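*Asks:* Have a look at this one before I ask anything.
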Protein chains: 2
Amino acid sequence: MKNRRQDVIDTAHKLFIEKGYQATSIQDILVGSGISKGTFYNYFPSKGELFIAIFRSFYKRIRHERDKLLINQDSADIEIFIQQIELQMMGNKQSKLLVLIEEVRVSNDEELKQFINQTLLLSIRWMHGRFLDIFGESKKPYLLDSVIIFHSMITHMNYFNHRETTVAKPEIQIIRYCMNRMIHTIDEVAKGKEQILDPELMDTWFPEFKNHLYPCHDDLLNATLELKKAINTAFPCGENRTRAVELIDFIQDELMQSDNPREFLIESLLATLKTGYASQIQVYIESFEESINSCLSR
Amino acid sequence: MKNRRQDVIDTAHKLFIEKGYQATSIQDILVGSGISKGTFYNYFPSKGELFIAIFRSFYKRIRHERDKLLINQDSADIEIFIQQIELQMMGNKQSKLLVLIEEVRVSNDEELKQFINQTLLLSIRWMHGRFLDIFGESKKPYLLDSVIIFHSMITHMNYFNHRETTVAKPEIQIIRYCMNRMIHTIDEVAKGKEQILDPELMDTWFPEFKNHLYPCHDDLLNATLELKKAINTAFPCGENRTRAVELIDFIQDELMQSDNPREFLIESLLATLKTGYASQIQVYIESFEESINSCLSR
DNA sequence: TTTTCATTATACTGCTTGTATAAATGTAAT
DNA sequence: ATTACATTTATACAAGCAGTATAATGAAAA
């Protein structure tokens, strides 16, 4: 039963939030969710994989909501980005996943550590793409530095902000503060041509893990985003547009959330998409289809 | 034998660097340093306390060198600060203590976690003091934010710089880059009166841990620094001055590094200090003596 | 020489993750 | 309804961990 598996995930997440990852033993999870050891290891090959399952089950939702905020919007609008960051911060606050990740990042489980590192890099990469949207191609040489600074800044300001419960300021204030810093910083470093890390470096990050834990989802995400943008500019608001977006979202979810994506569904929906919209945005649909195929053939 | 104890510390440190804290078992340390379990637990009450011993044995040296850089120098000189940071970064690189701390920060050992947190706060507090020296009292409301940003920035830029071994840039370049950012940032936030965390917050950090692991050393460090500054301004360069500084350094070391500071030594040296120099800098000597006494009477 | 104290070897407790296996239960097709 | 298959359970087990306990050994101080 998939339901019972999800139950275990939820129970374990709750326990991890309460006591931490290491301090929560599998025994705790067994009694907490009322299953036997055999069932547990039937669901998850190890404690680390359970954590990954928790992480995925939570972040697929957040990532989805975060990307939805961009639909029908100007991707250069800094306010949208701020909303996206706030969304993620609130999600992290509730799920405590960032804290748990810190704990797991240094555990003995090599696979788990790799997974966490990859998600960190993915997050950096996403942010870099958004910074490109916002600050423009001309600032690109400085945007990897900037993203790293922004990421660390917001994490630590948030940490210290919550150390003292009495005076904690709302998250949005911290985001705006950090964003103000970045606006100025990017201007300065561009003026002085100060660069530490070349964004081209990111290309060397990803080949190694392309076909690992998040096999091709990254490509798919990009293709999806591009396609949505194209649709938003090519079509006026209305039923047609929303229908298309719904189709795309469904395909994306099916590919990313299911272990066995139903190919017949995807093919059918893709055909609908092609016949209905292909004329104006053919090139985007094609690269979308390409990503789909690489996802299916992994 | 104190020598053997230090041997164990060194061996354990080497093993921790190679395999990490958690992945190194006490058994590994036993065979590595050729002692038996009984002896180990005779030296250290637990694995966590061994780590603390390693940390102290390494950082007392770095802290000492770092503070020495300030003697006879203008504390507002930004170049000195950069040197101090570089010193610490090189020390961390060699000892990998920052990596180990990350690992230990989230372990199950509550005492150890507390110790690590305290050292982090101490480090932030020291940096805040230095920022005050450099940027002046007028910028104080913005300096806690700034220090947190600087600290996280330099840590993460360094981390990503060393991810790709092929293109790692020298530490000093990263420090200068981050420092440039801070110079501009502090100006901006002061202009816009943007503040997230009030530096007064720091006062609430420390009472709780005053009499714990670093009982009174913090006070002593401050008193020592102030006294040295006073001496540097009150006396011309020459034998007198260096002699005084030597005396002070010795007292500080004896109090902070030895488990059983030799009171008779300290009293004698203090007396010398008083008769030779008291006239011009009496008030500083008095607060120094006060710190000493609180250290001795813990 | 005897006392004292650090050290050693060894066994033991109680915890951990993960494996193995036989019995019991549920479920779906015939 | 009965057969066949999959899931679940209870339980014992292996190998590892930190830390405790203890009796025997050594060496230096009294």
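*Asks:* Quickly run through the range B:78-123 and pick out the residues that are modelled with pLDDT under 95 and β-branched (V, I, T).
*Replies:* Selection gives B:V99, B:I101, B:V104, B:V106, B:I116, B:T119.
*Asks:* On to the next question. Can you name the number of the only condition in (1) of a type in the set (A, V, I, L, M, F, W, C); (2) more than 10 Å from DNA strand D (Cβ to nearest atom); (3) within 14 Å of another protein chain (Cβ to nearest Cβ) that B:A23 fails?
*Replies:* It is condition (2) that B:A23 fails.
*Asks:* Name the pairs whose Cβ atoms lie under 8 Å apart, with the first residue in the range B:11-26 and free of Cβ contacts under 8 Å to residues at least 24 places away in the same chain, the second surrounded by fewer than 17 Cβ atoms within 10 Å (Cβ to Cβ) and assigned to a loop (DSSP other than H, G, I, E, B), and 6 or more positions between them or separate chains?
*Replies:* Listed pairs, sorted by first residue: B:A23/A:N108.
*Asks:* Let me spell it out: the conditions are (1) surrounded by 20 or more Cβ atoms within 10 Å (Cβ to Cβ); (2) not assigned by TED's automatic domain parsing to the domain that holds B:S146, and B:L112 meets all of them except one. Which number is the exception?
*Replies:* (2)
*Asks:* Now a separate question. Do we have any residue at all in the range B:33-46 that's outside the structural domain of B:H151 (by TED's automatic domain parsing), within 16 Å of DNA strand C (Cβ to nearest atom), at pLDDT 90 or above and closer than 30 Å to B:L225 by Cβ?
*Replies:* Among the residues of the range B:33-46, not one is outside the structural domain of B:H151 (by TED's automatic domain parsing), within 16 Å of DNA strand C (Cβ to nearest atom), at pLDDT 90 or above and closer than 30 Å to B:L225 by Cβ, which makes the answer no.
*Asks:* Still on this structure, please answer the following. So which of B:R105, B:R130 ends up being farther than 30 Å from B:G192 by Cα and either touching a helix residue (DSSP H, G or I) at 6+ places or on another chain (Cβ under 7 Å) or crowded, with 20+ Cβ neighbours inside 10 Å (or both)?
*Replies:* Just one listed residue meets the conditions, B:R105.
*Asks:* Ok, one more. In the range A:172-184, is there at least one residue being exposed (fewer than 15 other Cβ atoms within 10 Å of the Cβ), facing chain B (nearest Cβ under 8 Å) and closer than 24 Å to A:A76 by Cα?
*Replies:* yes
*Asks:* Okay, moving on. Would you check which residues across the range A:130-171 are under 20 Å from the mean Cα position of the chain (by Cα), in contact (Cβ under 8 Å) with a residue 12 or more places away in the chain and away from every other protein chain (no Cβ under 12 Å) and list them?
*Replies:* A:R130, A:F131, A:D133, A:I134, A:L143
*Asks:* To continue, here is another question. Could you grab the pairs with beta carbons closer than 7 Å, sequence gap of 6+ or different chains, first residue in the range B:232-250 and more than 18 Å from B:K60 (Cα to Cα), second one part of a helix (DSSP H, G or I)?
*Replies:* Qualifying pairs under 7 Å: B:A234/B:Q280; B:A234/B:I281; B:F235/B:R241; B:R241/B:I231; B:A244/B:I231; B:A244/B:L273; B:A244/B:Y277.
*Asks:* Now for a different question. Quick one: in the range A:91-111, of everything that is in contact (Cβ under 8 Å) with a residue 40 or more places away in the chain and away from chain B (no Cβ under 14 Å), which residue is farthest from DNA strand D (Cβ to nearest atom)?
*Replies:* For the range A:91-111, the residue satisfying everything is A:K93.
*Asks:* Are there any helices (runs of 4 or more DSSP H) wholly within the range B:106-222 with 3 or more residues that are of a type in the set (K, R), and if so which?
*Replies:* B:110-135, B:171-192
*Asks:* Here's a follow-up. Hey, among A:Q88, A:Q73, which residue is in a loop (DSSP other than H, G, I, E, B), more than 14 Å from chain B (Cβ to nearest Cβ), away from DNA strand C (no atom under 16 Å from the Cβ) and within 25 Å of A:M256 (Cβ to Cβ)?
*Replies:* Within the list A:Q88, A:Q73, the selection yields A:Q73.
*Asks:* I'd like to check something: does the range B:221-242 contain any residue that is among the aliphatic types (A, V, I, L, M), surrounded by 15 or more Cβ atoms within 10 Å (Cβ to Cβ) and over 19 Å from the mean Cα position of the chain (by Cα)?
*Replies:* yes
*Asks:* Tell me the residue from B:D10, B:D67, B:D109 that is closer than 30 Å to B:F135 by Cα and more than 13 Å from DNA strand C (Cβ to nearest atom), please.
*Replies:* It is B:D67.
*Asks:* For the range B:26-43, give me each residue that is closer than 17 Å to B:L100 by Cβ and within 8 Å of DNA strand D (Cβ to nearest atom).
*Replies:* Residues satisfying the conditions are B:I26, B:D28.
The values are calculated or read from the model by the stated rules, or taken from the named source; none is laboratory data. On a predicted model such as this, the values are computed, not experimentally measured, just so you know. Note that each Cβ is placed from the backbone with ideal geometry, even for glycine, and that neighbours are counted across all protein chains shown.
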